[in-house]
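Peer 1: Quick one: this structure, given as structure tokens, is what I'll be asking you about.
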Amino acid sequence: MKKKQKKNKNFNINQKSFYFEDYLETNQKKRRVKNSNISQDRIYLLFFLFFSLITIFSIKIIFVSLKNIEIYNKKINSFYHSPTRRDIVDRNGTLISRNVKSFHAAINPKLIKNKENFLINVRLNFPDIPIKQIEKKLEKGKYFYLKKRLDQNDKEKLWSLGEKGIIFEPFQSRIYTHAKLYSHILGQVDYDNYGVSGVEKYFDSELKDKKLLKSPLQLTLDTNIQHIIDDELSKALKTFNSTGGGALLMNVNNGEVLSLVSLPNFNINKRLNITDKNYINKITKGVYELGSIFKTFTVALVLENNLVSPNTIIKDIPRKIKCSIHEISDIKEFPKDLSVEDILIRSSNIGTLILAQKVGEQKYREFIRETSLLSTPEFQLEEIGTPLSFKWNKCKLETISYGHGIAVTPLQAAATYATLSNGGNLIKPTIVKENIFKEKKRIISSKTSEEINNILRKVVTEKEGTASLANIYGYDVGGKTGTSQKYGNEKENLNTFISVFPSQNPKYVLLVMLENPQVAKDLIYNYRGMKIKGTRNEAGWNSVYIAGKIIKKIGPILAIKNKEFYNKNVAKKIN
């Protein structure tokens, strides 16, 4: 029994030991597997985190790199391809100035294999380039410019050479589509696209405004009219052997300048250093004694102050008047008795002087102050002249009454004529659309304005008038001539004609000026139905003649574009 029990006992112990050992072994294995899984999960998690961070940083780096490249490319494109200055257009939207992509030709000597052959090709294609200087630069081996601001023809010549050492550097270039036509108005920009003269300088900040790049700067000028006036004035310089000239066409009601021509002019697409004073803008910068055109101002004042009427007779007008140490006289002999309007029609110095004395110095001073004739004119150009100041001493009233001893710019004279002819409302000239002078200030009454217009018309139509050659059929032209000595040079004369048309309801004022014209002995005039040769060097025989030719050509253009003027004339014909 005991053995049996012992056997059982041993069996149970063994069983227990068996099961115990089995449990421990499997449990340890399970723990090892579990611990191994946890360690692997941690590694995977860390790996995933690191991979994610690396991916995120990589994407960020790539994104930033691409963005920087994009920004850089945009900057490059905006500089080389997009305009850095606004376009400039005329009143009809015709392009007259724009920025375009141009090139400089640079040379990298290290990339040129056969320098001798290269120099030969340069000499053949560009004979104006100094070859010796190019040869020295090649020997130094440093990067240099062969030619700046290439035109298309030059670029094609250089491109055809097939030289790797020729580098075409792009840059922004300002192109003026009409070259000489607007040289005294547009001005120029420098190599960095900053305005240095004319409109380009005056509106420099506005033209570079990025917000306005798509909106061109619109001027009041008309390219077709500008071309016609420029062409006629250029012919006049040759016909009368004149050293220079100018013309200005302005709307009398709002001051818009439709044309401004000053000769000689120059090609603003070329970089030229012009020092000759004859190339100044004669209309805005030049200051001149304009002579008898001032007589209109004197007559307007005497009428405005109700001192006389146009038909009032001024009796016993002397041949000469001594004023202080000066003796004043008329060039021609006139009747002793002249009406007020005849004094202006015949252009009598003495008669005008007597009228000025009736007006008095104080009222003449007020007129000059209100019209700003002695102030620097306000105009959208950098090239503006300042009238010469003077003292109101003895005889000053008498001499300025007929335009002697007072020097102003032609721009100011034309603006004053516009004011006198438009009903008496002060205007200020403008060269930019939608920049109209809105202040209403009356200088003379509409009655006086109408009387002046009637007299100016008679200056053209009457036999005794000085501007018969401007009597162009259908345009009702009125005006006043002025022949004077050029200020600062008594050997040269200045001939001017300021016209208004149509005189019954003026729309435009046209000033034509010739510097030092000569008698055109071979020119045949059609003078009041007669064919005669020119023998006199006066405004009536040159400036008036040119003004008539200009009005005849631009008249149809103005009538077509001015619907009000056109409709009124149609209505008159129907009635």
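Quick note: the coordinates plus some simple rules give every number you see, no bench work behind them. Fair warning: this is a prediction, and the values are worked out from it, not measured in the lab. Cβ atoms come from the backbone with ideal geometry, glycine included; neighbour counts cover every protein chain shown.
Peer 1: Which percent of Cα-Cα pairs in the range 279-433 sits in each 5 Å bin, short to long?
Peer 2: In whole percents, the pair-distance histogram is 2, 9, 18, 21, 19, 14, 9, 5, 2, 1, 0.
Peer 1: For Arg149 and Ile175 in one chain, what is 0.36 nm times their gap in residues minus the Cα-Cα distance, to one decimal in nm?
Peer 2: In short, 8.3 nm is gained.
Peer 1: Given the Cα atoms of the range 296-379, and with Rh set as the inverse mean 1/r over their pairs in the Kirkwood sense, what is Rg to Rh to two decimals?
Peer 2: With Rh from the inverse mean 1/r over Cα pairs, Rg/Rh is 1.01.
Peer 1: Additional query: I need the Kirkwood Rh of the range 88-218: take the reciprocal of the average 1/r across all distinct C-alpha pairs and report it in angstrom.
Peer 2: About 17.0 Å, per the Kirkwood formula over Cα pairs.
Peer 1: Using Cα pairs under 8 angstrom and six or more residues apart, how large is the relative contact order of the range 226-574, in percent?
Peer 2: 22
Peer 1: Grab the beta carbon distance between Lys270 and Ile313, set R0 = 41 Å, and tell me the FRET efficiency rounded to 0.05.
Peer 2: 0.10
Peer 1: Another question about this same structure. Please give the length that would be gained between Asn306 and Ser52 if that part of the chain were fully extended, namely 0.36 nm times their separation in residues minus their C-alpha to C-alpha distance (nm, one decimal).
Peer 2: Here the answer is 81.7 nm.
Peer 1: If contacts are Cα pairs under 8 angstrom and at least 6 residues apart, what is the relative contact order of the range 458-512 in percent?
Peer 2: 25
Peer 1: Taking the alpha-carbon centroid of each part, what is the distance from the range 99-152 to the range 200-264 in angstrom?
Peer 2: When both Cα centres are located, 38 Å separates them.
Peer 1: Next question. Tell me the relative contact order for the range 92-180 as a rounded percent, counting alpha carbon contacts under 8 Å between residues six or more apart.
Peer 2: It rounds to 57 percent for the range 92-180.
Peer 1: Sticking with this one: Once a ≥ b ≥ c are taken as the square roots of the eigenvalues of the Cα gyration tensor of the range 226-574, is the result rounded (a/c under 1.5), prolate (a/b larger than b/c) or oblate (a/b not larger than b/c)?
Peer 2: It is rounded, given that a/c, with a ≥ b ≥ c, falls under 1.5.
Peer 1: Could you sort out which of Lys277/Lys396; Lys148/Lys211; Lys140/Lys164; Lys433/Lys553; Lys238/Lys507; Lys115/Lys270 sit more than 20 Å apart by Cα distance in this structure?
Peer 2: Lys277/Lys396; Lys148/Lys211; Lys433/Lys553; Lys238/Lys507; Lys115/Lys270
Peer 1: Measure out, as a whole number of angstrom, how far apart the alpha-carbon centroids of the range 376-433 and the range 295-315 sit.
Peer 2: Centre-to-centre distance over Cα atoms comes out at 20 Å.
Peer 1: How about the range 335-439: which GluC sites (Glu not before Pro) there are in a DSSP loop, with at most 12 other Cβ atoms within 10 Å of their Cβ?
Peer 2: Hits after loop and neighbour filter: Glu378, Glu434, Glu439.
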